Amino acid sequence: MAQAIVIDKHPLDDIMRAERMPHIFCPGCGIGIAMRCYAQAVLESGIPERQHIVVSGIGCSGRVAGYMNLDSYHTTHGRGIPFATGIKLANPELMVTVFSGDGDLAAIGGNHLIHAARRNMDLKIICVNNFNYGMTGGQFGPTTPTGAYATTAPYGNREQPFNLPYLLAAAGANYVSRWTTMHVRQITQDILYTFTKPGFTFIEILAACPVGFGKSNRIPDGLEEMKLYRERSVLARDVPLDQLGIDLREERPIYVGNFVNRDVPAYAPVSIDP
Amino acid sequence: MMGGKAVLTGQHFMNGDDACAEGALAAGCRYFGGYPITPSTEIAERLARRLPEVGGVYMQMEDELGSIASILGASAAGARAMTATSGPGFSLMMENLGLGVMLELPCVIVNIQRGSPSTGLPTMAGQSEVMQARWGSHGDYGIVAYAPSSPQEIFDLTILAFNVADRYRVPVIVLGDEVIGHMVERVTIPPADQIPRWERKRPAHPPEFYVHERFKSFRADEDNLVPPLAHAGEGYRVHFTGLTHDEIGYPEMSAETHHELVTRLVNKIRHNAPDIIRTESLYLDDAQIVVISYGCTARSARRAVLDARAAGIPVGLLRLISIWPFPETLIQELAQTAETFIVAEMNLGQIRLEVERCVRRPVRGIHHAGGAMIHPEPILDAIREAAGLR
């Protein structure tokens, strides 16, 4: 007779705040995948958990800090990076990750993003890009593709979106890559790598937002968007950075992979012998 | 250049901005996150030179939004942290002043006021951010603000600001002004072991204790409504959010939790006001006329009161050293015996409104919108008029 397998402990129980489940993410949302990859990377990092600090801004991805069983800070909209800057400089021993969304990091927090990259501040940025403001119900944002629809772009988005890898490369980030939530192994490995990489690192993770972005753009559920990622993701090799923009209308590839891997020394405050 | 010592014990001849920076260093401030702005820039300049001498960090941020966010982060990681700014930057800081209040992270925000609103008079004095210091961020909250009247006092009050911030887990504002910031006077810095130090309330047990029950970053002790603070990296697995939260720090979207939390944030300052409030009284015992002033304007008010006393007028001076919380009990007591109240301030009536609220009668105001110090003469004229001598 088959016996029930009782599992009373999940491998990530120590890394995530089980008592906070269920999370707020909608069915089909990709943030949970990205969050799980981060948790897995923390688990495998070999760095004591007490040294891992996670900081978020506002938005759906901003809620991730609240689910990690680490010292975690859910700050104000766009200000995760400068808050994390203060933590890191006050205690350089800490591994400080900023986990937030595209709207938080690239719109309202855009200035902090580029300046932290310019300084090569030793922060690990995980940016979930779901092409819209999901928390407020699907408005267009700094990464919404031109022509895509949103609740505040009922006639199609008139703006040009940020090509985030291009932006971050220009701003001076030490490490820039992009994956989709189809690429769970690559994401986990990439986060693990950034833990060993001093300086400002930026991983963009394209994620489905069926309730916010999808509903306006004929991507009715998360699975559809995952299929789109599977069909159109291309590992970029020698693709010029300015060609990495995303245009979901066209049958264009979605370039993924690592685009920047520099060894510029991380920011270090002035240190003098008194 | 300055010996690399955190506390420059001795007699100095320095301006208020420099004295503020030295007060911060003496208090143990080891992180400054700021953005240059007149007339506070000398604070940043001095700390850029001095902080590395004592193992601290000077961080020049991209704007004031980031400046205050960074000092909150540094505070969360255990540092005594400060920023310094003036009106336009202070406005930008209102966002995360609220975060500091909500997360209950100690920090010091120095505002060397200039002529406002907007860009106003960058190089000239103002006192018009008194109400912004109290109410500038959205929501109900308690806040602390001190208004120095001399370079010596900005040194002393910057130390007090750090101590109050740590004891009560609250952002504290040093509400200076351009006159005090740029005025050069004697500043006496005491020996390092005579610098008062109030510590943060810290967890009662090591992190291992909180295995079955989480450490509560927001469970306040009944005595003073202040919860203990665990720092980033100590292993308590804390969570901090600007959302309404429970005692652990987890978001809780309920009216009851919200009311309880916000009420405590207000009462934390209100109930501890006697420990926080600082005032100076001059000739108040028998005063029929009370002049109330603060910051640079209090210097003129003192001259006017001394001159009026010399002429036999029963006038006294109440100098507000702390602006917030407001010394309402003291003013209500004065209103029992004194007849006339005069408020002198370099704005068009912000503290006068508070005094009127306390004394429940019209208060004479000596006001100027900013840019020029109020001279003793108009204050003296108002005193003489109140005494029936005009």
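The values are calculated or read from the model by the stated rules, or taken from the named source; none is laboratory data. This is a predicted model, so every value here is computed, not measured. In this analysis, Cβ positions are derived from the backbone assuming ideal geometry, glycine residues included, and neighbour counts consider all displayed protein chains. Areas reflect the complete protein model, heavy atoms only, side chains present, ligands, DNA and RNA absent. Shrake-Rupley method; radii C 1.70, N 1.55, O 1.52, S 1.80 Å.
On a C-alpha basis, how far is the centre of the stretch B:79-124 from the centre of the stretch B:206-280 in Å? Whole number, if you could? Result: 23 Å between the Cα centres. Placing +1 on each Lys and Arg Cβ and -1 on each Asp and Glu Cβ, with no other charges, gives the stretch A:31-261 a dipole about its Cα centre of roughly 100 debye. From the alpha carbon centroid of the stretch A:7-21 to that of the stretch B:308-326 is 62 Å.
When the Cα gyration tensor is reduced to axis lengths a ≥ b ≥ c, the ratio a/c is 1.5 or higher for the stretch B:263-319, and with a/b above b/c it is classed as prolate.
Ordered from longest to shortest, the equivalent ellipsoid semi-axes for the protein assembly as shown are 51, 25, 24 Å, each the square root of 5 times a Cα gyration tensor eigenvalue. Using only Cα atoms, tell me the angle between helix B:151-168 and the longest principal axis of chain B; keep it within 0 to 90° and round to the nearest 10. With both axes taken from Cα atoms, the answer is about 40 degrees. Give the separation of the Cα centroids, the stretch B:20-48 to the stretch B:328-390, in Å. Between the Cα centres of the stretch B:20-48 and the stretch B:328-390 lies a distance of 33 Å. Suppose the Debye formula is applied to equal point scatterers at every Cα of chain B; what is log10 I(q)/I(0) at q = 0.06, 0.08, 0.10, 0.13 Å⁻¹? Relative scattering, expressed as log10 I(q)/I(0), comes to -0.23, -0.42, -0.64, -1.05. For the stretch A:31-261, the antiparallel share of DSSP beta bridges with both residues in that region comes to about 20%. When shorter helices are ignored and each DSSP H run of at least 4 residues is given -39500 (n - 2.57), the per-residue value for chain B at 222 nm works out to -11500 deg cm²/dmol. Among A:I191, A:I31, A:I114, the largest mean-square fluctuation in a Gaussian network model of chain A (Cα springs under 10 Å) belongs to A:I114. Cross-link pairs exceeding 28 Å in C-alpha to C-alpha distance, out of A:K88/B:K5; A:K9/B:K216; A:K88/B:K201; B:K216/B:K268; B:K5/B:K216, comprise B:K5/B:K216. Assuming charge only on the beta carbon of Lys and Arg (+1) and of Asp and Glu (-1), the dipole of the stretch B:168-210 about its Cα centre is about 260 debye to the nearest 20.
Summary value for the stretch B:10-194: 31 percent relative contact order, contacts being C-alpha pairs under 8 angstrom separated by 6+ residues. Entry note, chain A: relative contact order of 18 percent, from Cα contacts under 8 Å with a spacing of 6+ residues. Rounded to the nearest 10 square angstrom, A:E159 shows an accessible area of 90 square angstrom against a 1.4 Å probe. Taking the C-alpha atoms only, the angle from helix B:255-271 to the longest principal axis of chain B is near 50 degrees. Neighbouring Cβ atoms from other chains, within 10 Å of the Cβ of residues in B:240-247, number 4 on average. Of the residues A:S72, B:P191, A:A34, the one whose Cα sits farthest toward the positive end of the charge dipole of the protein assembly as shown, with +1 on the Cβ of Lys and Arg and -1 on the Cβ of Asp and Glu, is A:A34. As a length-normalised measure over Cα pairs under 8 Å and 6 or more apart, the relative contact order of chain B settles at 16 percent.
Placing unit charges on the Cβ atoms of the charged side chains and taking the dipole of the protein assembly as shown about its Cα centre, the candidate lying farthest along the positive direction among A:P154, A:A236, B:A387 is A:A236.
Look at the dipole of the stretch B:237-390 built from charges on Cβ: of B:L265, B:P376, B:M253, the Cα furthest out on the positive end belongs to B:P376. Considering only A:H112, A:H77, A:H23, the Gaussian network model of chain A with Cα springs below 10 Å gives its largest mean-square fluctuation to A:H23. Dipole magnitude for the stretch B:280-386: about 160 debye, using +1 per Lys or Arg Cβ and -1 per Asp or Glu Cβ, origin at the Cα centre.
With a 1.4 Å probe and every protein chain left in place, tell me how much accessible area A:V55 has, in Å² to the nearest 10. Solvent-accessible area, nearest 10 Å²: 0 Å². Enumerate the whole-percent occupancy of each 10 Å bin, from 0 to the last occupied one, for all C-alpha pair distances of the stretch B:1-57. So the P(r) values, bin by bin, are 25, 59, 15.
Of A:Y193, A:Y229, A:Y255, the residue with the greatest mean-square motion in the GNM of chain A, using alpha carbon springs below 10 Å, is A:Y193.
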